[in-house]
Amino acid sequence: MSNTKITTTAPGKIILFGEHAVVYKRPALAVPVTQVNAICHIKPAPLDTGIVLIAPDLNEHYQLSELAANHPLGAVVHHVLNLLQLETEPDLRLTVSSTIPIARGLGSGAAISTALVKGLTDYFKHPMTTQNVSDVVFEIEKIHHGTPSGIDNTVVAFAQPIFFIREQPIERFTVGQPLTLVIADTGIKSPTYKVVGDLRQRWEKDKDYYENYFNQIGNLVLSARQAIETGDITTVGECMAKNQAILEEIGISHPTLNKLIEAALAAGALGAKLSGAGWGGNMIALVKANDAPQIAQTLQTAGAVNTIITTVH
Ligand code: PMV
């Protein structure tokens with residue numbers, strides 16, 4: 001067994017285009033957000049103390065053996081220990097913290113799981129491909145989200161811009177001209193499974209209506225990818241507006257998201273939309289690099305509880 005201390009990290013993420021439709025096998029584009037991350041520290045613990053999980057952000061201190069099987073952190077550790085086929089529970093101290101706000105569409109759950117999986121497999125010198133890490137995190141996401149598309153675990157584990165279609169090999173996309181984005185948090189927690197579950201119920205009742213919008217989103221994603229790759233930022237902004245209009249139409253937005261989107265556009269953003277599950281969480285605004293600080297300020301004045309400026313390369 002290793003005696004070394006291990007530290008691993010995983011970034012947050014945003015979905016640029018295609019949320020929700022991606023659950024129904026349409027393409028989506030997502031990028032890592034490295035300004036926020038999850039961190040996992042692992043070190044050996046005294047003999048026979050088993051695995052102690054510490055989450056300082058939550059003020060929690062758990063003994064692995066006492067956690068329910070579906071506990072978000074415990075489930076990851078159990079899953080990895082099964083993979084490693086260890087006969088007895090090792091004596092370890094795992095500390096997990098994160099600067100990614102929870103349930104706001106920034107991939108906090110996937111990032112914490114990714115940092116933990118990477119940490120444990122590094123600690124036990126069990127090499128894993130990035131795809132394997134992503135697959136393990138996907139299994140954990142299923143416990144919490146029901147029917148995740150797999151986009152969160154993929155973009156967080158690979159930490160690169162991803163063109164994603166459910167159950168298909170991933171593709172990275174290139175960025176012709178850097179995109180400056182202001183991410184603004186409504187402060188409203190919105191668990192993904194609720195929004196996804198609600199939309200599924202509505203889809204069950206009128207599939208043609210929703211499938212038509214999912215097709216439109218899928219086509220927008222293809223146009224947006226081309227515009228991003230060729231550096232046509234004006235078209236990227238237009239695609240954001242069109243994607244947002246459809247998300248509003250199918251009941252995914254929220255008055256606070258709409259207010260922030262309007263404020264960003266009025267302040268000169270080239271496009272703006274919600275990002276992630278909707279009904280709260282974060283919105284993103286595509287801006288000229290020089291305008292970013294002022295638009296971030298405008299969004300805070302309009303009620304955003306936090307803003308992040310990030311550049312997609
Ligand atoms: O985890 P969030 O809030 O970014 O939402 C994920 C995006 C959805 O398309 C709504 C769900 C999914 O599994 O892809």
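Only the coordinates and a few stated rules stand behind these numbers; no lab work does. For clarity, every value in this text was computed on a predicted model and none was experimentally measured. Using ideal geometry, Cβ is built from the backbone for each residue, glycine included, and neighbour counts are taken over all protein chains shown.
Between residue 271 and 286, the built amide H atoms are under 5 Å apart, and every one of these is 5 or more places off in sequence or on another chain.
A simple count of charges around residue 223, restricted to other residues whose Cβ falls under 12 Å of its Cβ and scoring Lys, Arg +1 and Asp, Glu -1, yields -1.
When both the stretch 276-313 and the stretch 19-44 are represented by their alpha-carbon centers, they are found 18 Å apart.
Apply the a/c threshold of 1.5 to the C-alpha gyration tensor of the stretch 48-133 and tell me whether it is rounded, prolate or oblate.
oblate
Histogrammed with a bin width of 10 Å, the alpha carbon distances of the chain distribute as 6, 28, 33, 21, 10, 2, 0 percent, first bin at zero.
Axis of helix 192-205 versus longest Cα principal axis of the chain: the two differ by about 60°, to the nearest ten degrees. Working note: Karplus 6.51/-1.76/1.60 with θ = phi - 60° gives the stretch 48-63 the couplings 6, 8, x, 9, 10, 10, 10, 10, x, 4, 9, 6, 10, 8, 10, 9 Hz, where Gly and Pro are set to x. The count of lysine pairs in the stretch 195-313 that are at least 8 places apart or cross chains, and whose C-alpha atoms lie under 24 Å apart, stands at 7. Note on the chain: dipole from Cβ charges, positive end direction compared against 73, 183, 132; the farthest Cα belongs to 183.
Quick one: Cα convex hull volume of the stretch 96-225, Å³ per residue?
In the stretch 96-225, the Cα convex hull volume per residue is 143 Å³.
Take every Cα pair under 8 Å whose residues are at least 6 apart in sequence, average their separation, divide by the length of the stretch 172-291, and the relative contact order is 39 percent.
Helix 292-301 and the longest principal axis of the Cα set of the chain meet at an angle near 90°. Entry note, the stretch 102-151: relative contact order of 33 percent, from Cα contacts under 8 Å with a spacing of 6+ residues.
Remark: the Cα gyration tensor places the stretch 188-304 in the oblate category, a/c being 1.5 or greater and a/b not exceeding b/c.
Rg then Dmax, both in Å and based on the Cα atoms of the stretch 1-151: 15.5, 50. Averaging the sequence gap over all C-alpha pairs within less than 8 Å and six or more residues apart, then dividing by the number of residues, gives the stretch 100-209 a relative contact order of 27 percent. Per residue, the chain reaches -13500 deg cm²/dmol at 222 nm when only DSSP H runs of four or more residues are counted, each adding -39500 (n - 2.57).
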